[in-house]
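Asks: Mind having a look at this structure? Questions to follow.
What follows draws every value from the coordinates through simple rules; no lab data is involved. All values derive from a computational prediction rather than experimental measurement. Using ideal geometry, Cβ is built from the backbone for each residue, glycine included, and neighbour counts are taken over all protein chains shown.
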Amino acid sequence: MAALSDSTTTLADLKARILAFVRERDWEQFHSPKNLSMALAAESGELMEHFLWATPEQSAAIARDPAKRQKIADELADVVIYAMEFANITDLDLAAAIETKMAANAKKYPVEKAKGRSEKYTEL
């Protein structure tokens, strides 16, 4: 498999690779929206586990630690793979969904109200 990078790989490329991997193993039969959403939550939990009980500063240090970085990258990859497979199985256009959601977030969190603040949009 050729080396990939964020700067040269499209979402479509990744989704196609994930779909091919799944189909080669005949796993589509197990990939219902329910199962994929649960797998996504489980993998998110495994990613969070690396930072459990850490302060914000400690969590940044953990993410930079060469001894832990690959394990963290593996968990992040699992999260993204399941999210992309969810998009594959449900025929959702991930880029369009992200664009729509970011537009909605921009309305909820206008820069002049939200910049530098962590409150929910209803509290701004």
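Asks: Where in the chain are the helices, taken as whole DSSP H runs, whose Cα atoms extend 15 angstrom or more along the long axis and whose Kyte-Doolittle mean reaches at least -1.0?
Replies: On the way: long enough: 11-24 (20 Å, 0.60); 33-49 (24 Å, -0.05); 66-90 (37 Å, 0.10); 94-108 (21 Å, 0.11).
Answer set is 11-24, 33-49, 66-90, 94-108.
Asks: Under the rule of -39500 (n - 2.57) per DSSP H run of 4 or more residues, summed and divided by the residues of the chain, what mean residue ellipticity at 222 nm is obtained, to the nearest 500 deg cm²/dmol?
Replies: Mean residue ellipticity, 222 nm, calculated: -22000 deg cm²/dmol.
Asks: Also, quick follow-up: Mind checking which of E99, E85, E46 has the largest fluctuation in a GNM of the chain, springs on alpha carbons under 10 Å?
Replies: Maximum fluctuation in the GNM of the chain, among the listed residues, is at E99.
Asks: If Lys and Arg each add +1 and Asp and Glu each add -1, what is the summed charge of the other residues whose beta carbon sits under 15 Å from the beta carbon of M48? Walk me through the numbers on the way to the answer.
Replies: Working: positive: K68, K71; negative: E43, E46, E49, D74, E75, D78.
Net charge around M48: -4.
Asks: Take R17, R117, R69 and order them by how many other Cβ atoms sit within 10 Å, fewest up front. Before the final figure, lay out each step's value.
Replies: Details: R17 16, R117 10, R69 13.
If I rank by nearby Cβ atoms, fewest first, I get R117, R69, R17.
Asks: Report which label in [x] 28, 22, 15; [y] 35, 15, 15; [z] 21, 17, 14 holds the value of semi-axes √(5λ) of the Cα gyration tensor in Å derived from the coordinates of this structure.
Replies: Among [x] 28, 22, 15; [y] 35, 15, 15; [z] 21, 17, 14, the one derived from this structure is [x].
Asks: Could I ask something else about it? Count charges around L124 for me, please; just the other residues with Cβ under 11 Å from its Cβ, Lys/Arg as +1, Asp/Glu as -1.
Replies: My count for the surroundings of L124 gives +2.
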